[in-house]
Each structure stands twice: as structure tokens, then as C-alpha cells.
Amino acid sequence: MPRVQPFRAVRPTAEKAAQVASVPYDVVNRDEAAALADGNPDSFLHVVRPDIDLPPETDPYADEIYAKAAENLQRLIGDGVLEQDAEPSIFLYRQIMNGKSQVGVVCCCHVEDYEKNLILKHEFTRPAKEDDRTRHVMTLGAHAGPVFLTYRDAPDLNGLVDAAIRETPLYDFTADDGVQHTVWRVAQSAAYVASLTAVPEFYVADGHHRAASAWRAGKARREANPDHNGTEEYNWFLTVLFPASQLNILAYNRIIKDLNGQTPDQIRERLSGVGRLEETSDPVPDRAGTFCIYLDGKWWRLRVPADSIDHHDAINSLDVAILEQRVIRPIFGIEDVRTDPRIDFVGGIRGTKELEKRVDSGEWAIAVSMFPTSIEQLMAVSDAGEVMPPKSTWFEPKLRSGLLTHLLD
């Protein structure tokens, strides 16, 4: 069973919470992050995207990037914007987006449980990104952003949460994107620890690089400490655990740069060999095995025959795998979607109008609107010890950084 424990959170004062809380580091580029933090020295973007405080031409992996992150964290603590709790606690974090609520338990998980696959993954990590996040954690001496975990619903834990969120919260604010964020500190952590440690396994929903870097940082600190005894805080990393039934997965759509030397008519003919192709006015697939394709100024619906899909195969039954195997590789000649610059991925939060915009600009030739991967499919892949194709899931809403930070010492 995975282990959990409360922690002494570094967190903003109540009046500063909305100013401090920021989007995660990896959903905005430098210019977008700079615009969001403009005029707000308390934004946690100064910690998770410290490049905004350095010249634009600065190497994103330069020493001064990580030094600036540590300097900015210490500034926020020194200025009293952030304070560390005197006692360890577990917290609840609720997000409400478009009327849908999800409530997670904020606690620390053990790095060894990640290594032992008690915390299951479904994605490969990229070495450069993993190196970057590990160095960020090591330089800060802190986990600045939580790992988004999920688990199969536990009724007794749901009861604890339902009772606790009736109490007065520490923070309650609505961000500029309309998502409401509310945080409670629970009075009795022991009951949450007992309930969560009875859960057989946790799953990484979002944050594979943060999880891998937490494990690497913990290992490095352990190896560098001749007096290591296993009780140190660096053995634990920051997580938010949500019940699977509450999660909202959006589509992760595809755009392709060119038609691989073919005309639109030739592409349509080849797509007709994959499944039933017909023009449509609805750019959103209504079920799995269906793809909506924007080509030559029109939307087309492609339905793959259901009897051609092996639904017992956790990987090959995924829409993202079906598209890759039957369309992207044979028709467009893209062999590796991880590395080929002819394909890109657009989070479903941006909508299908963004796909039309990019194709109509002439920069991209064709777009595919996907049906979302389900949480059940994600868990099935993880249970099988498999890895999903790249960019299979897009979770919304995103967890805010800066509301709760975990120190390694």
C-alpha cells in the first residue's frame, strides 16, 4: 500500500492567496507567464517560471534560472507573503469548473513507493524536462508544484471529505479563468492517513515529470547524507489525491503540418479506407472510435468499425493509438509522434475553433478533434504496466502552484 503523511506546508497568508496562486509551470511559455505575472511580485510564477525575471535570451537551463527561483522563493518567505505552518497537516483542495467539483487530499507520498510502482505511471518522461525539474527541486529545496494523483473511490474517505468541506476554509477565491479554488486544513490527519493507506495503489494522472524529479531528488539527497535514517523530509513529495469518479479528462487534439505530398481528395479517399467518412457540422466526436477531421475548410467525421477494435487490449483500443496506427503513420508518414515536428498537440481546453484557426492560417494542413480518453482506460493501461501514446490525456482544471509548498528539510 502507498504511504502518505501530513507536512508542514509553506503557504500564503489568507489575504495573499489569490495573488500568489499561479498556473503550473508547463502550461504557459515564457511570454505568457511574464504577462500573467506582470505587476504582481507575489505571483508564484516567479518561483516556477523564474525565467520571466531574466532577459528573454537567457538559456532556460542556465544556472541563474534555478538560482533566481530559489531567490524568489526566499523573498516571498522573507517578505511574509508565505509562512510555514508550525505543525504538519493534511489539506483538502476543491476546484469548481463549469459547475463541476473535484476535491483532492493534499498530503505527501513516499518516493520509494513511486520507485516500487505502488504509484503507477502511464507516460514516459523526457530526460531534458526531468533533469530540469530535478534541478529545480534540488536548488529550491522544495517541491513547488504538486503531483496530480488519483485512486479508485474509497467510500469512507469520501465521507471524511464531505464532512470537512462544511467547515470554514483557509482560502476561497475564483481565478481569472473562472475556476474556483478552495482549501481547508483538516483537524484530524490520522483518519485520512488510515483511509488512504488502505488504498491498494495510486495513479499519476498529471505530473509525471514532477513525480520522477521528486524521486530523483530524494535519491540524490539520500546518497549525499551519510547519516540518512529514512525519517528525513526529502523522502516525501507533494501530491494531491483525487477520487477517479470526480476527474475531468478533455480531448488532446492533433494538428499536422502537411498532407505528405497528397491532395485533400486523396487524403479523403485514404481516410474512407479506414472507416466511414462523411461531412459533418459537428466538430466534436460523440463516442470512442470516432474522429472529427478539419480539412480544406470543412469538418469530416470518421467512424472506425467497432468490430475492428480489440477492446481487451488496453493500449491498442485507445483512440490515440488507433489514429496513430491507422492514419498518422500510413497516411501522413509520421513514424514517431514524440519527435516529428510535422505533428503538434492542442489541449481540448482551447476548443475546436483553435484547430480551425491554425489550419486556416495555412501554417497547418489538417486537424483532428479527438474523443477524450477515459479515466478507466488510463487506469487499465497503468494496471497492465503499459505506457500510453504521447499526449493521450488533458486534465482540467489544472492545479494551482503556490497554495501549498513542501520543503525538503
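Side notes on the structure shown:
- Filtered residue count, the range 153-166, keeping only those that are surrounded by fewer than 10 Cβ atoms within 10 Å (Cβ to Cβ) and more than 18 Å from Arg185 (Cβ to Cβ): 1
- Number of positions in the range 68-88 that are of a type in the set (S, T, N, Q) and surrounded by 13 or more Cβ atoms within 10 Å (Cβ to Cβ): 2
- Meets criteria (assigned to a loop (DSSP other than H, G, I, E, B) and modelled with pLDDT of 95 or more) for Leu403: yes
- Annotation note: of Ala9, Ala21, Ala67, the sole residue that is modelled with pLDDT of 95 or more, within 18 Å of Gly141 (Cβ to Cβ) and touching a Leu at 6+ places or on another chain (Cβ under 6 Å) is Ala9.
- Verdict on Leu92 being assigned by TED's automatic domain parsing to the domain that holds Ser195 and in a strand (DSSP E or B): yes
- Checked against the criterion of being touching a residue at least 12 places away in the same chain (Cβ under 8 Å) and crowded, with 21+ Cβ neighbours inside 10 Å, the candidates Pro169, Pro146 yield just one match: Pro146.
- Listed by first and then second residue, the pairs linking a residue in the range 15-42 that is touching a residue at least 12 places away in the same chain (Cβ under 8 Å) to a residue that is among the hydroxyl-bearing types (Ser, Thr, Tyr) and surrounded by 21 or more Cβ atoms within 10 Å (Cβ to Cβ), with Cβ atoms under 6 Å apart and 6 or more places separating them unless they lie on different chains, are Ala17/Tyr171; Ser22/Ser43; Ser22/Ser401; Pro24/Ser401; Ala37/Ser43.
- Extreme residue, farthest from the chain's Cα centre (by Cα), among residues of the range 351-399 that are among the hydrophobic types (A, V, I, L, M, F, W, C) and part of a loop (DSSP other than H, G, I, E, B): Ala365
- Filtered residues of the range 14-67 (kept if of a type in the set (S, T, N, Q), within 20 Å of Glu396 (Cα to Cα) and either more than 22 Å from the chain's Cα centre (by Cα) or buried (at least 19 other Cβ atoms within 10 Å of the Cβ) (or both)): Ser22
- Members of the range 340-350 found to be in a loop (DSSP other than H, G, I, E, B) and either assigned by TED's automatic domain parsing to the domain that holds Leu118 or modelled with pLDDT under 95 (or both), listed by number: Asp340, Pro341
- Those residues of the range 24-49 which are of a type in the set (A, V, I, L, M, F, W, C) and at pLDDT 95 or above, in sequence order: Ala33, Ala34, Ala35, Leu36, Ala37, Phe44, Leu45, Val47, Val48
- Residue check, Ile328 outside any helix (DSSP H, G or I), buried (at least 20 other Cβ atoms within 10 Å of the Cβ), more than 22 Å from the chain's Cα centre (by Cα) and in contact (Cβ under 8 Å) with a residue 40 or more places away in the chain: no
- Residue match in the range 56-64 (condition: assigned by TED's automatic domain parsing to the domain that holds Val179, of a type in the set (D, E, K, R), without any contact (Cβ under 8 Å) to a residue 60 or more places away in the chain and closer than 21 Å to Asp177 by Cβ): no
The values are calculated or read from the model by the stated rules, or taken from the named source; none is laboratory data. Since this is a predicted model, take the numbers as computed values, not measurements. Ideal geometry is used to build each Cβ from the backbone, glycine not excepted, and the neighbour counts take in all protein chains shown.
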